[in-house]
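Report on the following structure.
The values are calculated or read from the model by the stated rules, or taken from the named source; none is laboratory data. The structure presented is a predicted model; accordingly, all values stated were derived computationally and were not measured. Don't worry about glycine lacking a Cβ; one is built from the backbone with ideal geometry, like all the others, and counts go over all protein chains shown.
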Amino acid sequence: MKSFNYKEYRRIIFFTGAGMSAESGIPTYRGKGGIWNEYNWEDFACQSAFDLNPEKVLEFHELRRIEALKCSPHPGYHLIRKIEKEKSNTYIITQNIDGMHQRADSKNVLELHGSLWRMRCQNESLILEDKLTGSYSKKKCQCGFWLRPDIIWFQDMLNDNIVSLANNLINKSDLFISIGTSAVVWPAAGFPKLAKKSGAFCIEINPEETDLSYIYNKTIRMRASEGLNTLFSLGS
Ligand code: APR
């Protein structure tokens, strides 16, 4: 790690997953304490569950909003924001729906899997911000249809524009730092390989080995904030 200096890189991507928010107190999806160990996604996180019982699915997401509001961005988020301010071509591509990067004031955030803080009317193709409280302010659209969380659930298609923007940014990056993702969900799972293929220097921060650890130039086996702090103190 001695030779690493982030100042030498021009286009930096931070690619974050649930492990980034774990230190703030938001549970991950897989592994110990993971959401999908406690809840069946088939009952709470797919369109057919919503069609069957919208109230139950909305309650599950309200619970997640309430939990997220109890948490605050940890120092790792603020460090990413600091780099973003310092280096203009810095982007955050996140699989997280909790809005923590934005709460740390980051601006260039691409949310691959949507946001807990938006609702969508499928009838009117309308997207509504709904940020203030744990409970949703409205559960039905004025047209009478149920509003669903603007989140990519299991079996949903990702937003093509967001995916191609992410691909373009990664293609042009020269430093790619993945933090706290098990890298098993596609297309996000393909991003580290794309970065490597594009010639970026690739770093993984994760206390655990992942299926993709072998492709990284460097792996840092630490928690998110500690790993980020270690990495960026080398180049400051
Ligand atoms: N710091 C860094 N990494 C951590 C920490 C921490 N403090 N704690 C846990 N991790 C790592 C775990 O080792 C694991 O590799 O975070 C990863 C979390 O993996 P997942 O729970 O699978 O989360 P993620 O990869 O973001 O999941 C992707 O799956 O269900 C979907 O849509 C959901 O966006 C989510 C997607």
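Scanning region 189-206 for residues that are under 22 Å from Arg81 (Cα atoms) and within 12 Å of the ligand (Cβ to nearest atom) gives Phe191, Pro192, Glu204, Ile205, Asn206. Taking region 40-94 as the region of interest, the helices (runs of 4 or more DSSP H) fully inside it that hold 3 or more residues being in the same structural domain as Leu231 (by TED's automatic domain parsing) and not aliphatic (A, V, I, L, M) are 75-86.
Screening the candidates Leu147, Leu132 for the property of being more than 15 Å from the ligand (Cβ to nearest atom), in the same structural domain as Ser48 (by TED's automatic domain parsing) and crowded, with 19+ Cβ neighbours inside 10 Å yields one hit, Leu147. Within the set Glu67, Glu23, Glu38, the sole residue that is within 8 Å of the ligand (Cβ to nearest atom) and either β-branched (Val, Ile, Thr) or under 30 Å from Leu228 (Cα atoms) (or both) turns out to be Glu23.
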